[in-house]
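The values are calculated or read from the model by the stated rules, or taken from the named source; none is laboratory data. As the structure is a prediction and not an experimental result, all values here were calculated from the model. Cβ sites come from the backbone with ideal geometry, for glycine too, and all protein chains shown count toward neighbours.
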Amino acid sequence: MKQPLTITKLKKMKQSGEPISMLTAYDYPSAKLAEEAGIDVILVGDSLGNVVLGYDTTIPVTLDDMVYHSRAVARGATNTFIVADLPFMTYRLGKETTLRNAGRLLQEGYAHAVKLEGGADIADEVAACVRAGIPVMGHIGLTPQSVHQLGGYRVQGKLEREAQQLIEDAKALEAAGAFCIVLELVTEPLAEAISSALSIPTIGIGAGRGCDGQVLVYHDILQYASPYREKRFVKTYADLGTTIRNAIGAYVSEVKSREFPQEAHAFPMEQEMLRQLYGSGSGSNAASASDKGETAPAASSKQADKPVADVVKGGGTA
């Protein structure tokens, strides 16, 4: 049986140069399939707001949403390290609030760690969680919860001052006790420099080849969306959206044409029970009609009101 990774093992993977694979998942079957495929880490991301709940951003996602989905993922991937996002405005409100909300993701959501967006500005909250025994994964670069402040989904670290701030943020998170940091939409040279400067692993998404691991969204690598919007930093490995749409379309067509269901999808009844069900007076007619594929006479109104089990047991109308 696969043994789940631990923080210690993740750090050893960085030291040995073994890349870390991480994928988002938001429900039981997705998590189970990801685990069976050998994924190292599952992220229950607040990106579920975009790809599962239909929001334009992650901002409407609530803590209750995250607890619900994290618990489902934990049931599906019982032997995989699970990280859950703290959603918008469930931290940055003081250490006590952050601890309470992070604790819910571990106690009620069964996650092994939480992820927070931000750098030096949230280092004290990260440190408080770590002191309380809550493992924390950091997240810098493009931080989707701040998308309006950032002016949209744009690559980070192109300017010298931005790059320097991201390096300082990464070091502050490491000093606060974060066991890993996600780098999102960061220029490749900067992501490589940050990864080299840290003793903890970095996980890139749109951050190039120099990170210690990679994370992508489940629905992106499978094109499980309609319409699917291509992203430069994503590689798709299947087109499930088209497959699912075509399959459902075929089902609708067969229902409309009465091609489905067929005899193989129905459940027969023994002739004697059929005779009893329709009463002794019409049993032979019912059986005969059934043998010929015809419709049997309808039961009397009194009989129709009785449960089937009673009709069969009684053998006729009252």
| query | What do you reckon, is G151 touching a Pro at 6+ places or on another chain (Cβ under 9 Å), over 20 Å from C180 (Cβ atoms) and in the same structural domain as I20 (by TED's automatic domain parsing)? | reply | no
| Subset of segment 56-102 [assigned to a helix (DSSP H, G or I) and β-branched (V, I, T)] | V67, V73, T97, T98
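Against the condition assigned by TED's automatic domain parsing to the domain that holds D64, part of a helix (DSSP H, G or I), under 22 Å from T8 (Cα atoms) and of a type in the set (D, E), how does E174 come out, does it pass? I'd like the intermediate steps shown before the answer.
On the way: assigned by TED's automatic domain parsing to the domain that holds D64: yes; part of a helix (DSSP H, G or I): yes; under 22 Å from T8 (Cα atoms): yes; of a type in the set (D, E): yes.
Yes; evaluated as a whole, the condition is true for this residue.
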| task | For residues that are under 9 Å from the mean Cα position of the chain (by Cα) and surrounded by fewer than 24 Cβ atoms within 10 Å (Cβ to Cβ), scanning just segment 24-46, find the one that is farthest from Q145 (Cα to Cα). | result | P29
| task | From the list F81, F88, pick out the single residue that is more than 15 Å from the chain's Cα centre (by Cα) and either under 24 Å from G38 (Cα atoms) or surrounded by 20 or more Cβ atoms within 10 Å (Cβ to Cβ) (or both). | result | F88
| request: Count, please, the residues in segment 103-151 that happen to be within 24 Å of the chain's Cα centre (by Cα) and in a loop (DSSP other than H, G, I, E, B). | output: 9
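Which residues, counting only those in segment 169-205, are loosely packed, with under 13 Cβ neighbours inside 10 Å and over 30 Å from the mean Cα position of the chain (by Cα)?
As a first pass, look at segment 169-205 and keep what is loosely packed, with under 13 Cβ neighbours inside 10 Å: 175, 189, 196-197, 199.
Within segment 169-205, A175, P189, S196, A197 meet the criteria.
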| Does P4 qualify as being under 28 Å from Q145 (Cα atoms) and surrounded by fewer than 23 Cβ atoms within 10 Å (Cβ to Cβ)? | no
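If you go through segment 1-55, how many residues are outside any helix (DSSP H, G or I) and small (G, A, S)?
In the first step, residues of segment 1-55 are kept if they are outside any helix (DSSP H, G or I); the result is 1-6, 17-27, 37-47, 52-55.
Narrowing further to those that are small (G, A, S): 17, 21, 25, 37-38, 45, 47, 54.
So the answer is 8.
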| Residue within segment 267-278 that is modelled with pLDDT of 95 or more, farther than 30 Å from N50 by Cβ and not in a loop (DSSP other than H, G, I, E, B) present | no
